[in-house]
Structures are given as C-alpha cells and as structure tokens.
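The values are calculated or read from the model by the stated rules, or taken from the named source; none is laboratory data. On a predicted model such as this, the values are computed, not experimentally measured, just so you know. Counting neighbours? That spans all protein chains shown, and the Cβs are built from the backbone with ideal geometry, glycine included. Note: accessible area is taken over every heavy atom of the protein model, side chains too, but ligands, DNA and RNA are not part of it. Shrake-Rupley method; radii C 1.70, N 1.55, O 1.52, S 1.80 Å.
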Amino acid sequence: MATSISQEKVISPSQMKLKQRSQYSQMRKIPPSPRDIKKSSNAAALARSPLKDEVRSPRASTRRTSPSSPRSSPATYINTTTSPKNEPTLQKDKEADELQTDLQQHMLSTLKEPDASLKALLNVLTDPSTTHNRRVNACGAMKTLTLIKSNQIPLVRTAGVVSSLTKVLCTVAATEEERTRCINALMQLCIPEENWKIVYLFPHTAEALARNMADKYPQIRYAACLSTSFLAKKNRKEMVSNRILMYAIARVIEVDKNGNLEKKLAKDKKVLIAARLCTLKMLLHLSKDKDVSPKLARMESITTALVSVANRMEKDANILCMAILTNMTRHPDNLNYLMFKVPELASLFVTNVEGSDVECAKCALYALQNLSCDSNCRQELANTANLLGSITKAAFKHDSPEQQLSALHTLKNLSDDPFNLVTMTNTPGCTATLLALANNSSNGMAQYLACDTLATLSHWLLTLSARKNTRLMEEGKDGEDGFENGTKRVEMGRRTFEISTFQMWK
C-alpha cells in the first residue's frame, strides 16, 4: 500500500551518502573523518528543523539541503559575476595583486634558515643598538659573501639576508658607508638570472631601490640603478605599476636639470651619466613589451622627464630616449594620450626630423607615422609648426630610403583627413615633391605612395568642387550662365570641356 508523501520520512541525498559512509566505516572499523563528523553535525541540525521542512518533496529537499548541487551552482555563479564594463580590468588587476601576494607568501615559506654564524651577522645589521663600526663591518662582510658567485643564489634563498639588506637601505639614519656596502651586496645578488624574480618579491626591495636611486652619492645611485635594470627583466608589470619607483627613475633621468651636472666633479659626473644611461636602457626594455607600454606611456613622470631631457644629453642617451618614445607610439591605445596629454611631444619629433643625427631622425619619423594612423591626431599633427615642411624634405631625400618611405606614409595618412587638404596644399614644396616622386619610377614603393597621396587630395578637391557646383545651381537664375527656365542638368564632378566667352563675335 502506497503511503502519502506527508507520512513518509524524506531522506536527502547528502544524508543518504553520509549513512552509507558510516556503514562502510563500521564494516571496515575505520573511524569517521573530520569531514564526515562535520556533515553529521549538519545532518543533526537538519533533523532538528520543523516538520514542515521535512515533509517537502524529494526534489525540493535536494535543493534546500545541497546548495552546491550542479543544478543550483550555475545560477549563483552568474549572479556573482555580473559586473559593469570596467569590472574586467579591475578584476584583472585584483587577481594580479592576489597572485603577487601568493607568490610572496610561497617564497617566504620556502626560505631556509641561516646557520648560527650568518644569523649572528644578520642580527648585527638589524639590531638598532649595534654600534656604527660593528654594523659597518657586518655590511662589509655581507658584501664579501655576495662577491662569491657560488653564494649568490643560496644567500637569496636564506631567510633574513635580502630583508636585512633592504632594511638598512630603507633606514634614514644609515650612513653613506653602510648604504654603499649594502647596495653593492644587493647588486651582486641581482646578477644571477635565477634571482631576478625572487629578489623583487621581498616586501621592501622596491622601496630600497627607489630610495637609493634618489641618493645624493653617485656610487650608491649607480648601484641602485644597475640592480633595478637587472630585476626589470622579469618584473616588468610590477615595476611599471610602482609609482614611487617610476618617480625615482624619472629623477635619475633629469639629473642634469638646471645644469646640476656642471656643478659636480668630473668623477661624480661620469658616474651620474652612467646611472642615467642605465635607466634609459631599462626603460627601453620595458617599452618593448606590449602589455607594459600603455602603463608606461601614462606614467606622467616618465614621459615628462623624457621630453625634457631629449636632445640635451650625449649621443647614445639621445638615441635611447627617442627609441623609448617611438616604442610608446607602437601601441594603438597610446596614440591619443601621447598626442594630447604629453606637451611638446610632436614638436620634439619635428626637431629630430630636422636634426643631424640619422638614428634620432629615423625614430622621429617612425613615431610621426604611428601618430598619423589615429584619425583624431591628424589635424593636430598637420597644424604643428614645421611638421609638414620637415616631412616633405624627408620625403624628397633619395639617399635615405627608410626615412623617405616613412615620410611618405605619414603624408598619405595625413591626407586621409579632408580638413588637412588646405594645410597640405599650402605647404611649400609638398605638392611639387609628390608630383616629382609620382613621375620617378626608380623607387616603385615611393612612386606608389606619392600617387596614392595625390589621388586622395584630388578626391577631396573633387568632392569640394561638386558641392560648390550644386550650390550654384540652386542659386542660379533663369537666363544666366545657360540656366534657361532652370531646366539645364549638369553632371557634378566631371569636366565639361565647355568654353565660356564674354560677348565674343563669331
């Protein structure tokens, strides 16, 4: 005889599974696991629930007692992942931060303990009551240990070594001698490629590097810059996201601001220039990364420093500076920002196009070519002082094929904007250069680009003339200029080859 659902005792799947496990454990004489104990307590709590909850249908009981069932979990997942448009970016950054934290925790947990002698040496470094001479000797001992190549990798993976060095470097009261020995020891630890990731993961490494890159002593500054350049090879995104570190790098680049280098001794001046060259090479390495480039271009301190020191340094440094700015223009998302948010950038490129350095001129032309690809930047570029004239001269240089093609590509991109028609046609030599290159078959690509640019300009002229003729027809009167009773039809945009005279006798 079938019983009604209100009279039978309903057992949920989770309770059934728990019952089977308990029977099996009794058969095997195995004590229940902590997970089973937890489930049994939950089942006991459910047993004490009111009767009306117990007499629900098996399907409803399953939904109530197993919130993580496959049927209920997708709906919960969809509700929790609904987000606005900017949520993916924020979520990505949050996941990156969590990943970095997890890596730090994992790294710190895997460090081995130092032996007794090394632990005593590290205590001397970190103990505030230690005398100055003793701490200096301890810093020197750490520097000597890191000079041995076989010690560099094990020391980084020993608890307290890197953290003790960074603590001294972050201490304001630390003397020049202490900081010099500690930063040199840290620099030696940054040389092996196996240490690049783990050294930067220590909590105070970035702060220590930023503080010492801004140090007034040239040797300390150079060692900090060199250490940062090593670590940047495997920590690109983390370094670019660190504003304090980027600000310190910008100050290193602007070392000659207001003629400060002229006030230094010859030896110190040489070291400061080497530190600046080191940071420029590091920025060049960062600018070549597609994922890092947008953050680097929007770091105001970096872009302002690069624009301010360009063409004011030695030749190698100037080339690096222009190469960094050119690499920033390779990312499409950077073009509008660089054009309108970085003052004097376009003028800087124009100056280098007209300059005597071939490499800087090439970088500047490539950058202008990239900027002209953005439709929002074309009018601003065309109205920049001397830009069209400089590009026209570069397009006429047959001895530099790469620069010539880049200049022609820029002119072609600028001609795609109809508002640049008047500006380009009014530029002295622009149309004549295009006509000359269009009739020169020695360089097929240059000839093609010149013809393409002329065709684009002609298209805008034809469009404007068609609009003008249409307006004349609307304003024409009967009996004037051949408009009789308004019945004349003229096909716009095509030449008629008709001759117009003034009272000529036949």
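Remarks
- Region 352-366, subset acidic (Asp, Glu) and assigned to a loop (DSSP other than H, G, I, E, B), residue nearest to ARG276 (Cα to Cα): ASP357
- Screening LYS397 with (1) free of Cβ contacts under 8 Å to residues at least 12 places away in the same chain; (2) at positive phi gives one miss only, at (2).
- Within region 169-198, the set of residues being closer than 13 Å to ALA224 by Cβ and β-branched (Val, Ile, Thr) comprises THR180, ILE183.
- Selection from region 144-161 of residues that are under 20 Å from PHE202 (Cα atoms) and either charged (D, E, K, R) or in contact with a Leu (Cβ under 7 Å, 6 or more places away or on another chain) (or both): LEU145, THR146, ASN151, GLN152, LEU155, VAL156, ARG157, THR158, ALA159, GLY160, VAL161
- TRP460 passes every criterion in (1) modelled with pLDDT of 95 or more; (2) assigned to a helix (DSSP H, G or I); (3) of a type outside the set (Gly, Ala, Ser) apart from (1).
- Test result for ALA223, touching a Phe, Trp or Tyr at 6+ places or on another chain (Cβ under 8 Å) and of a type in the set (Gly, Ala, Ser): no
- Filter result for TYR217 (among the aromatic types (Phe, Trp, Tyr), surrounded by 23 or more Cβ atoms within 10 Å (Cβ to Cβ) and at negative phi): no
- Residue that is farthest from LEU201 (Cα to Cα), among those in region 112-142 that are outside any helix (DSSP H, G or I) and open to solvent by 80 Å² or more (accessible area, probe 1.4 Å): THR131
- Close pairs (7 angstrom Cβ cut-off, 6 or more residues apart or separate chains): touching a residue at least 24 places away in the same chain (Cβ under 8 Å) in region 415-441, surrounded by 14 or more Cβ atoms within 10 Å (Cβ to Cβ) and not in a helix (DSSP H, G or I) anywhere: THR433/PHE396
- Looking across region 422-436 at every residue that is more than 35 Å from the chain's Cα centre (by Cα) and under 16 Å from GLN379 (Cα atoms), the one that is most open to solvent (accessible area, probe 1.4 Å) is identified as ASN426.
- Output for region 230-251, where each listed residue is open to solvent by less than 60 Å² (accessible area, probe 1.4 Å) and closer than 15 Å to ILE302 by Cβ: ALA232, MET239, VAL240, ASN242, LEU245, MET246, ALA248, ILE249, ALA250
- Odd one out for ILE183 among (1) surrounded by fewer than 24 Cβ atoms within 10 Å (Cβ to Cβ); (2) farther than 23 Å from LEU284 by Cα; (3) among the β-branched types (Val, Ile, Thr): (1)
- Conditions (1) open to solvent by 40 Å² or more (accessible area, probe 1.4 Å); (2) closer than 22 Å to GLU300 by Cα; (3) assigned to a loop (DSSP other than H, G, I, E, B); number of the one not met by VAL255: (1)
- Filter result (among the aliphatic types (A, V, I, L, M), open to solvent by 20 Å² or more (accessible area, probe 1.4 Å) and assigned to a helix (DSSP H, G or I)) within region 382-421: LEU405
- Taking the criterion of being among the charged types (D, E, K, R) and either within 12 Å of CYS170 (Cα to Cα) or touching a Cys at 6+ places or on another chain (Cβ under 9 Å) (or both), the residues of region 202-238 that qualify are GLU207, ARG211, ASP215.
- Residues considered: LEU145, LEU165. Of these, the only one that is out of contact with any strand residue (DSSP E or B) (no Cβ under 9 Å at 6 or more places or on another chain), under 19 Å from ARG211 (Cβ atoms) and either open to solvent by less than 10 Å² (accessible area, probe 1.4 Å) or assigned to a helix (DSSP H, G or I) (or both) is LEU165.
- Restricting attention to region 443-463, the residues that are of a type outside the set (D, E, K, R) and in contact (Cβ under 8 Å) with a residue 24 or more places away in the chain add up to 12.
- Selection of region 305-351 for residues being open to solvent by 70 Å² or more (accessible area, probe 1.4 Å) and either more than 21 Å from THR279 (Cα to Cα) or within 16 Å of the chain's Cα centre (by Cα) (or both) yields ARG330, PRO332, ASP333, PHE340, LYS341, PRO343, GLU344, THR351.
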